[in-house]
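The values are calculated or read from the model by the stated rules, or taken from the named source; none is laboratory data. No experiment lies behind these values; they were computed from the predicted model shown. Don't worry about glycine lacking a Cβ; one is built from the backbone with ideal geometry, like all the others, and counts go over all protein chains shown.
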Amino acid sequence: MMHKELSVSDITVVSVCYKSDAVIGQMVASIPVETPIILVDNGKTNRFPSFAAERDIHIETLEQNEGFGAGCNAGAAVAKTPWLLFLNPDATIHPGSLDQFLSAARRYKTASAFNPRMENGDGSAYFKRRSWLLPRNRYMPKGWPSVDCAIPVLSGAAIFISRELFLKAKGFDPNIFLYHEDDDLSLRLAEFGPLMFVRDAVVTHANGNSTARSPAVAKFKAFHMARSRIYTGRKHKRPWPFFSTLIQAFLLLLSPQTLVSARRRGKAIGFLMGCILYKDIEEPFGQARTK
């Protein structure tokens, strides 16, 4: 693909927000003024602050919480620019990083999508080196790669991609409400070209702090984690996706930490419920599976 000279105004940042009021201001402040932003209000759960008049910010409201992937799809559908950056609301992008993405797109013309060098809130390295959907021989070493390189899977916290290719790949699988949606998208995008790590594009990710931490939230997330693990495992032909997930659920229940932590108990119960109730939605999921 040929790339004409582009600027940061040719990128739209899409951020799916769910009860993200505490962090969204920092994310917006980290983005250049020239860059359009689409904030997806997932289920009308956000009270966005008043943004400066010079900011090009569009709020796309979803009546119900449709999940991360469907939220990203909704944002991409109304974007006008040739490039998209899906960015978590609890993330901030470092100065110059959008230019680094554009430079990488010019250098790696066959690449399908890009991840930045991501750091945790304390500055330590975050690198998604493996996935449930990949065999172990495709795992990468811990820590950031020392140079730009092809990677086996993308982290959904910050994905840079052309809007054309995202739509061609049919975006995120809307059947995945939460978890493993970026892994699934990665495997499908890899059919179009390599996934690239861009070392000089840097994003700080606050490690899941876009929503409050509580036993109820832990249970909710674990419920969808189990369902997504089974669904994506079957979709991508992983061995024994239901039984391996069920075993994981029992290991969580039997952990000593579950006895002393309400959040751990919520997570264990939610994970087990996700396994048990998966059969209730197996047919609708199956109808939408891709090859």
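A few notes on this one:
- Only one of the numbered conditions (1) assigned to a loop (DSSP other than H, G, I, E, B); (2) surrounded by fewer than 13 Cβ atoms within 10 Å (Cβ to Cβ) is violated by residue 130, and that is (2).
- Residue count for region 201-223, restricted to those that are at pLDDT below 95 and within 28 Å of residue 8 (Cβ to Cβ): 6
- Out of 192, 160, 172, one residue alone is touching a Cys at 6+ places or on another chain (Cβ under 8 Å) and touching a residue at least 60 places away in the same chain (Cβ under 8 Å). It is 172.
- Residue count for region 77-98 satisfying the condition of being part of a strand (DSSP E or B) and in contact with a Lys or Arg (Cβ under 7 Å, 6 or more places away or on another chain): 2.
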